[in-house]
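Written below as structure tokens is the structure these notes are about.
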Amino acid sequence: MKHLATILVSSLALMAAPAAAETIAITGGKVVVGDGSAPMDNATVVIRNGRVVAAGSNVTVPANARRIDASGKWVTPGIFAGFSRIGLVEVGAVRSTNDTRAADSVFSAALDVQYAVNPFAAPVAVNRAAGVTRAVVSPGTGNSMFGGYGAIVDLGQDSDPITKARAFQFVEFGETGHRRAGGSRAAAHILFRAMLEEARTYSRSPSLFDSDLMKASDAKALLPIINGSTRLMVHVNSANDILKVLDLRKDFPSLKLVLVGAHEGWRVANAIAAAKVPVLASALTDLPEGFEELAATQSNIGRMKQAGVQVGIGMINDRDAHQLRYSMQYAGNLVALNRIPRAAGLSWDEAFAAISSKPAEIMGMGAKLGSLKAGRQGDVVIWTGDPLELSTQVETVFIDGVEQSLSNRQERLRERYRNPAPGALPKAYDR
């Protein structure tokens, strides 16, 4: 039994460990660096020790490299999902599999999604097979307007998905935030300011901290927000609410704000650009579900981009736990939007950057992720064609230079029941 246990532990360890990174040369493909530059024909990408060494038309292939012929195919950085809840939800309606929000917890800002992300959740493999390699993972909010700390994750096969823990704090300032704060915008703003002031009080004398607003651990968690060492991701949609959020820096000048959603951002795009606040915007929202998005338009991202706003695509409250693969479709639709008179979309190069390098840069990870520039992590996808076209398929995915399996539960179920033969179904299906 002892010998058997040793074998089992060793086997599990091997299953959890990723394959070793190798030197790889992907040659002959149409290479997209992902930084907003145009695709390069007949180009080469070299990955060594898990990182991109070079990407271009005149790249020398190392003698010991494993060669992959990508002729007639597209080669891009992996998709970086600008906002998600991937790994936090298996079945949304089943509470035991849904870790997006801690509705009954006494804690708020101190909550940390790194302890909840499940790399074995079915949606992880499904989206990896679609070309998504990294994602921003955010908590929702429970009884407070603060949801806690979010993380940057990879969608690799290994058991350690966290790229960067405590990458940002999440707060609701939209209609949901107003409800959490007591039912009005006035309550939300006074609660936000009061909580940050309480955090300052905590920093002066942690041992004597006593507050009716929050626990000491929540106050401690807000300190990096006040001093600007950690980003504050704010979900906000209406133009008026966006302006009020920008004004928060009058009282807290070090706030490193990132807006998410921003359905009416185009209306105040000049103010957002002047404040140098980046936006992870919902791409195609134009049917208002509430009064905070009456002016929603599919031209939102294009108009903000024209005004000089740094903008990437996010998917807040838009199947954000399961369908990150829609990012490519959204980006493609923004390209097509340019064909509609008076609409504002993005060029192809800008649209792809909005789902790769721009989200990475907005989250402070642009020097490591989101493009095929030298030194970036080896997140590379080989596609059968244009990745923004719906008919295109993913052929190969690398994360940190390691080739990933494209197998997933949906694919296996499809194959299992594609051509069912008598006697092939499980006994439970025998009626």
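Side notes on the structure shown:
So that you can scan it fast, the table gives a plain yes or no per residue for (1) aromatic (Phe, Trp, Tyr); (2) closer than 20 Å to residue 156 by Cβ; (3) under 17 Å from the mean Cα position of the chain (by Cα):
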{"site": "339", "(1), (2), (3)": "no, no, no"}
{"site": "362", "(1), (2), (3)": "no, no, yes"}
{"site": "370", "(1), (2), (3)": "no, yes, yes"}
{"site": "390", "(1), (2), (3)": "no, no, no"}
{"site": "395", "(1), (2), (3)": "no, yes, no"}
{"site": "399", "(1), (2), (3)": "no, yes, yes"}
{"site": "403", "(1), (2), (3)": "no, yes, no"}
{"site": "410", "(1), (2), (3)": "no, yes, no"}
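- When the criteria are applied in full, residue 406 meets the requirement of being at pLDDT 95 or above and aliphatic (A, V, I, L, M).
- Scanning segment 232-247 for residues that are open to solvent by 20 Å² or more (accessible area, probe 1.4 Å), over 14 Å from residue 175 (Cβ atoms) and in contact (Cβ under 8 Å) with a residue 40 or more places away in the chain yields nothing.
- Residue within segment 168-181 that is touching a residue at least 12 places away in the same chain (Cβ under 8 Å), assigned by TED's automatic domain parsing to the domain that holds residue 119 and touching a Pro at 6+ places or on another chain (Cβ under 8 Å) present: yes
- Qualifying residue in segment 283-294 (condition: more than 25 Å from the chain's Cα centre (by Cα) and farther than 30 Å from residue 107 by Cβ): yes
- Here residue 295 clears all of (1) aliphatic (A, V, I, L, M); (2) over 19 Å from residue 363 (Cα atoms); (3) touching a strand residue (DSSP E or B) at 6+ places or on another chain (Cβ under 8 Å) except the condition numbered (3).
- Taking the criterion of being part of a helix (DSSP H, G or I) and free of Cβ contacts under 8 Å to residues at least 60 places away in the same chain, the residues of segment 207-218 that qualify are 207, 208, 216.
- Comparison of 286, 349 shows that the only residue that is acidic (Asp, Glu) and either open to solvent by less than 10 Å² (accessible area, probe 1.4 Å) or assigned to a loop (DSSP other than H, G, I, E, B) (or both) is 286.
- For segment 91-100, the criterion of being assigned to a loop (DSSP other than H, G, I, E, B), open to solvent by less than 10 Å² (accessible area, probe 1.4 Å) and touching a strand residue (DSSP E or B) at 6+ places or on another chain (Cβ under 8 Å) is met by no residue.
- Segment 397-411 residues that are surrounded by 19 or more Cβ atoms within 10 Å (Cβ to Cβ), paired with ones that are among the acidic types (Asp, Glu) and in a loop (DSSP other than H, G, I, E, B) (beta carbon under 6 Å, 6 or more apart): 399/379
- Note on segment 322-344: among residues that are part of a loop (DSSP other than H, G, I, E, B) and open to solvent by less than 10 Å² (accessible area, probe 1.4 Å), the one that is farthest from residue 235 (Cα to Cα) is 344.
- Whether a residue is touching a Gly at 6+ places or on another chain (Cβ under 9 Å), in contact (Cβ under 8 Å) with a residue 40 or more places away in the chain and over 19 Å from residue 314 (Cβ atoms) was assessed, and residue 112 passes this test.
- One residue from 36, 87, 72 being small (Gly, Ala, Ser), part of a loop (DSSP other than H, G, I, E, B) and buried (at least 23 other Cβ atoms within 10 Å of the Cβ): 87
- When 385, 375, 366 are screened for being open to solvent by less than 70 Å² (accessible area, probe 1.4 Å), free of Cβ contacts under 8 Å to residues at least 12 places away in the same chain and out of contact with any Asp or Glu (no Cβ under 8 Å at 6 or more places or on another chain), only 366 passes.
- Single unsatisfied condition, residue 250 versus (1) closer than 29 Å to residue 365 by Cβ; (2) part of a loop (DSSP other than H, G, I, E, B); (3) open to solvent by 50 Å² or more (accessible area, probe 1.4 Å); (4) not hydroxyl-bearing (Ser, Thr, Tyr): (2)
- Counting residues in segment 254-273 that are in the same structural domain as residue 145 (by TED's automatic domain parsing), free of Cβ contacts under 8 Å to residues at least 12 places away in the same chain and surrounded by fewer than 16 Cβ atoms within 10 Å (Cβ to Cβ) gives zero.
The values are calculated or read from the model by the stated rules, or taken from the named source; none is laboratory data. Keep in mind the model is a prediction, meaning the values are calculated, not measured. So basically every Cβ, Gly included, is an ideal-geometry build from the backbone, and we count neighbours across all protein chains shown. Note: accessible area is taken over every heavy atom of the protein model, side chains too, but ligands, DNA and RNA are not part of it. Shrake-Rupley method; radii C 1.70, N 1.55, O 1.52, S 1.80 Å.
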